[in-house]
Amino acid sequence: MKLKLDSNGAVVLQDGAPVYVKEDGTEIAFDGAKAFAKIGQLTGENTAYRKRFEDAESKLKGFEGIADPAKALEALQLVANLDAKKLVDAGEIEKVKAEIGKAFQVQLDEAKGNASKLEQQLYAEMIGGSFARSKFVGEKMAIPPDLVQAYFGKAFSIEEGRVVAKDANGNKLYSAASPGDLAGFDEALEMLVSQYPGKDHILKGTGASGAGSQGSANGGGAPKGNFGGSKADRVAAIKQLTSNA
């Protein structure tokens with residue numbers, strides 16, 4: 001580019017700015033003050049961009065070795081959640097565990113309570129019912145079924161869905177009539193009664209002195225005690241027999 005000159009050799013001005021002629025013949029007015037101001041502006045912007053670039057480059061060095069930016073962002077979000085306490089902190093976790101433990105304990109206690117009730121009902125039906133329906137008790141015992149159960153019931157338990165009897169040493173009672181098999185209820189009860197020291201007081205016709213006699217070894221016709229009173233009186237009567245045996 002070169003300055004445009006008039007016929008007198010003076011520089012041609014346009015709005016106070018010298019006019020330049022470009023290589024292709026076009027003319028432009030050059031405002032020096034405006035140009036220097038723009039250069040200063042661009043220099044400042046360039047300095048700012050360079051500073052931002054250097055800061056970004058410095059920050060990126062902390063992520064060297066991260067191959068998956070998506071996972072890195074996910075990890076950063078997790079940290080942000082932790083910082084914002086959107087996740088449960090360690091102290092709260094313990095509280096949550098405690099609350100869950102309490103709720104589970106309540107359910108466990110309820111389940112145990114229900115199981116205990118069912119066990120009691122099963123015991124009452126299978127073992128209590130066996131005493132109540134026992135032919136041996138009805139025909140041979142001089143005391144009612146509930147009193148027989150009060151003393152001998154502890155020898156019976158329920159195992160694998162059936163009634164099992166054990167002696168005083170915890171050994172299962174086996175059948176004499178069917179060797180190898182566990183004794184049935186009546187057979188087992190008869191075994192237990194036969195080993196009871198006070199059996200003469202609770203069996204019908206024990207120690208009879210004549211045909212058809214109900215006399216016992218202590219000379220009485222029937223077991224001594226209030227066996228016709230309340231259940232409490234009858235339980236006391238069998239305990240008295242036990243202590244006198």
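Can you report the number of residues in region 145-202 which are among the hydroxyl-bearing types (Ser, Thr, Tyr) and in contact (Cβ under 8 Å) with a residue 40 or more places away in the chain?
Residues that pass the stated criteria total 2.
How many residues does region 158-175 hold that are assigned to a loop (DSSP other than H, G, I, E, B) and surrounded by 10 or more Cβ atoms within 10 Å (Cβ to Cβ)?
3
Residues being part of a loop (DSSP other than H, G, I, E, B) and farther than 14 Å from Met1 by Cα: count how many of those fall in region 13-51.
3
Only one of Phe63, Phe53 is in contact with a Pro (Cβ under 9 Å, 6 or more places away or on another chain) and surrounded by 10 or more Cβ atoms within 10 Å (Cβ to Cβ); which?
On the way: Phe53 fails: in contact with a Pro (Cβ under 9 Å, 6 or more places away or on another chain).
Exactly one residue qualifies, and that residue is Phe63.
Scanning region 72-103 for residues that are small (Gly, Ala, Ser) and modelled with pLDDT of 65 or more, which turns out nearest to Gly62 (Cα to Cα)?
Selected residue: Ala72.
Specify the residue that is surrounded by the fewest Cβ atoms within 10 Å (Cβ to Cβ); the eligible residues are those in region 178-197 that are among the small types (Gly, Ala, Ser) and under 23 Å from Pro145 (Cβ atoms).
In this case the residue turns out to be Ser194.
Being hydroxyl-bearing (Ser, Thr, Tyr) and without any contact (Cβ under 8 Å) to a residue 12 or more places away in the chain is the filter here, so list the residues in region 109-144 that pass it. Reasoning before the result, please.
Of region 109-144, the ones hydroxyl-bearing (Ser, Thr, Tyr) are 116, 123, 130, 134.
Once the filter is applied, which keeps residues that are hydroxyl-bearing (Ser, Thr, Tyr) and without any contact (Cβ under 8 Å) to a residue 12 or more places away in the chain, region 109-144 yields only Ser116.
The values are calculated or read from the model by the stated rules, or taken from the named source; none is laboratory data. No experiment lies behind these values; they were computed from the predicted model shown. Every residue, glycine among them, receives a Cβ derived from its backbone with ideal geometry; neighbour counts consider all protein chains shown.
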